[in-house]
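Here the structure comes first, spelled out in structure tokens, and everything after it is commentary.
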Amino acid sequence: NSKRYKKWVKAIRIRDEDICKECCGVGLKIEVDHIKPFCIVFREENIKTMEEAKNSATLWNIENGRVLCLECHRKTNTYGEKAKILLAKLK
């Protein structure tokens with residue numbers, strides 16, 4: 001709920017014109033997805049604190065975000081608990 005996160009989401013929604021990058025659906029329940037999820041970025045950059053997260057260029061780079069409809073988002077290998085599976089493979 002940080003201002004920076006809201007600004008990041010807004011920038012991606014504007015850039016992608018609220019159109020799902022997978023199915024090109026318009027008017028669906030849309031979400032903004034981190035292509036490289038938080039948990040992976042946190043591991044790769046050894047982020048331990050909120051202050052370190054705030055200073056991460058990767059987390060706030062709009063190239064690491066995309067608009068997806070809920071259905072397409074659920075199909076990604078980084079949605080919800082699936083991101084933890086990817087994280088476990090990095091060990």
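Looking across segment 23-42, the residues that are modelled with pLDDT of 90 or more and surrounded by fewer than 16 Cβ atoms within 10 Å (Cβ to Cβ) come down to C23, C24, K29, I35. The residues in segment 43-54 that are under 12 Å from Y5 (Cβ atoms) and open to solvent by 70 Å² or more (accessible area, probe 1.4 Å) can be counted, and the count is 2. Among the criteria (1) within 23 Å of K84 (Cα to Cα); (2) surrounded by 11 or more Cβ atoms within 10 Å (Cβ to Cβ), the one K10 does not fulfil is (1). Within segment 55-82, being open to solvent by 40 Å² or more (accessible area, probe 1.4 Å), part of a helix (DSSP H, G or I) and modelled with pLDDT of 90 or more holds for A57, T58, W60, I62, E63, E71, R74, K75.
Scanning segment 39-54 for residues that are among the charged types (D, E, K, R) and assigned to a loop (DSSP other than H, G, I, E, B), which turns out farthest from the chain's Cα centre (by Cα)? The selected residue is K48. Yes or no: R15 exposed (fewer than 14 other Cβ atoms within 10 Å of the Cβ) and either assigned to a strand (DSSP E or B) or touching a helix residue (DSSP H, G or I) at 6+ places or on another chain (Cβ under 7 Å) (or both)? The answer is yes for R15. Hey, does segment 22-37 have a residue that's without any contact (Cβ under 8 Å) to a residue 12 or more places away in the chain and charged (D, E, K, R)? Looking for residues that are without any contact (Cβ under 8 Å) to a residue 12 or more places away in the chain and charged (D, E, K, R), one finds none in segment 22-37, hence no.
The values are calculated or read from the model by the stated rules, or taken from the named source; none is laboratory data. Values in this document were obtained by computation on a predicted structure and should not be read as measured data. Glycine gets a Cβ as well: all are built from the backbone with ideal geometry, and neighbour counts include every protein chain shown. With ligands, DNA and RNA removed, areas are computed over all heavy atoms of the protein, side chains included. Shrake-Rupley method; radii C 1.70, N 1.55, O 1.52, S 1.80 Å.
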